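The values are calculated or read from the model by the stated rules, or taken from the named source; none is laboratory data. Everything numeric in this text was worked out from a predicted model, so none of it was measured. Note that we place each Cβ from the backbone using ideal geometry, even for glycine, and neighbour counts take in every protein chain shown.
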């Protein structure tokens, strides 16, 4: 090879590989998986627990890497994702694919060896579900993509629970259901003020496929189903009074925001960045789209608060014992 | 034929190599810890069940 050929060689930085893991999603996965693991209440060695959480986090990161490897061209069309390593051309999609596959194998294997094969099997299912079922099959085919695909993001607390006990009882699936039902109002609220991006990328998100009005109604309906499920752990013994207070008060606010969004005209006009032709921050939106942004932002806070309440109560009970 | 790298390519390759090495070392440590913890819990289980930890050798 001559010096003239040299630019063909990679200048990919380690940070690009790290970005493939979707660190922000990963932090949510760590949090929810850790909650599942702690709330399960099993007597587990802290080091085993830490390695299990690491494996779940790396597995989730691997799924993110596979997603970016398969979606580089689509990501390049959207403001929110155009800076990703594959979309921006800093990393070849093939390299991202190999990276994702290797991390998937290592994380699943290590989780199985470290805890049990039920947890490892669930982690493998999550990765395949997200990378193959959601990314390749659902995302471009149906406006229900995020509803069905949301299950991938809901698995971590179940995996954490299974890692601690070797089992996945109904309480673990209740945590799954909370995240599963939280995903549509959360994602569609964001989609309401990013419609232009999704349309450009050819992704049939609900506001693109069915319009803003129908999306706002569906957000309200999902919120009405989601909030009682979010409160349920407080009534079934999984959570205590703190959880009940947090889920109840937060739930009321969630419903109020969803109701306000339903009454609004969010998503009826093109989003601000498109209208003014510049890069927009995630929270910089048109005045009429603010109800959508408010629900999107609060939904993250609410989910965090729910799981934090479970964790706090469990640690408090450890302290009391 | 020799391969010539630009300074950027060289730096990027060195940094990637360093992180691959660190990743491998981390993985080895994790495998070691997992093996150790597994053996420890298996021994504790046997002890609790009053099963001899090892057969006496003749």
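Scan region B:1-35 residue by residue and report those that are at the interface with chain A (Cβ under 7 Å from one of its Cβ atoms) and either closer than 11 Å to residue A:13 by Cα or loosely packed, with under 13 Cβ neighbours inside 10 Å (or both).
Once the filter is applied, which keeps residues that are at the interface with chain A (Cβ under 7 Å from one of its Cβ atoms) and either closer than 11 Å to residue A:13 by Cα or loosely packed, with under 13 Cβ neighbours inside 10 Å (or both), region B:1-35 yields B:1, B:3, B:8, B:9, B:12, B:15, B:16, B:19, B:27.
What number of residues within region A:14-44 are out of contact with any helix residue (DSSP H, G or I) (no Cβ under 6 Å at 6 or more places or on another chain), within 14 Å of another protein chain (Cβ to nearest Cβ) and at pLDDT below 90?
1
Assess whether residue A:163 counts as being farther than 28 Å from residue A:12 by Cβ, modelled with pLDDT of 95 or more and within 14 Å of chain B (Cβ to nearest Cβ).
In short, yes.
Spot the failing condition for residue A:164; the list is (1) surrounded by 22 or more Cβ atoms within 10 Å (Cβ to Cβ); (2) over 16 Å from residue A:44 (Cβ atoms); (3) more than 18 Å from the chain's Cα centre (by Cα), and only one is missed.
Every condition holds for residue A:164 apart from (2).
Look through A:138, A:122 and report the one residue that is more than 14 Å from chain B (Cβ to nearest Cβ), within 30 Å of residue A:185 (Cβ to Cβ) and free of Cβ contacts under 8 Å to residues at least 40 places away in the same chain.
So the residue among A:138, A:122 that is more than 14 Å from chain B (Cβ to nearest Cβ), within 30 Å of residue A:185 (Cβ to Cβ) and free of Cβ contacts under 8 Å to residues at least 40 places away in the same chain is A:138.
Here is a yes/no grid of residues against (1) without any contact (Cβ under 8 Å) to a residue 40 or more places away in the chain; (2) assigned by TED's automatic domain parsing to the domain that holds residue A:40; (3) touching a helix residue (DSSP H, G or I) at 6+ places or on another chain (Cβ under 7 Å):
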| position | (1), (2), (3) |
| --- | --- |
| A:143 | no, yes, yes |
| A:152 | no, yes, yes |
| A:176 | yes, no, yes |
| A:179 | no, no, yes |
| A:218 | yes, no, yes |
| A:232 | no, no, yes |
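Hey, among A:42, A:63, A:50, A:57, which residue is part of a helix (DSSP H, G or I), over 20 Å from the mean Cα position of the chain (by Cα) and on the phi < 0 side of the Ramachandran plot?
One residue alone meets the criteria, A:50.
With the checklist (1) within 21 Å of the chain's Cα centre (by Cα); (2) closer than 16 Å to residue A:155 by Cβ in hand, flag the one item residue A:112 doesn't pass.
(1)
Looking at region A:76-102, which of the residues that are in contact (Cβ under 8 Å) with a residue 60 or more places away in the chain and assigned to a helix (DSSP H, G or I) is nearest to residue A:128 (Cα to Cα)?
Among those residues, the one meeting the criterion is A:100.
Inside region A:104-119, can you point out the residues that are within 13 Å of another protein chain (Cβ to nearest Cβ), touching a residue at least 40 places away in the same chain (Cβ under 8 Å) and either touching a strand residue (DSSP E or B) at 6+ places or on another chain (Cβ under 9 Å) or surrounded by fewer than 24 Cβ atoms within 10 Å (Cβ to Cβ) (or both)?
A:106, A:110, A:116
Got a sec? Which of A:97, A:47 is in contact with a helix residue (DSSP H, G or I) (Cβ under 8 Å, 6 or more places away or on another chain), buried (at least 16 other Cβ atoms within 10 Å of the Cβ) and outside the structural domain of residue A:318 (by TED's automatic domain parsing)?
Values: A:47 fails: buried (at least 16 other Cβ atoms within 10 Å of the Cβ).
From the options A:97, A:47, the qualifying one is A:97.
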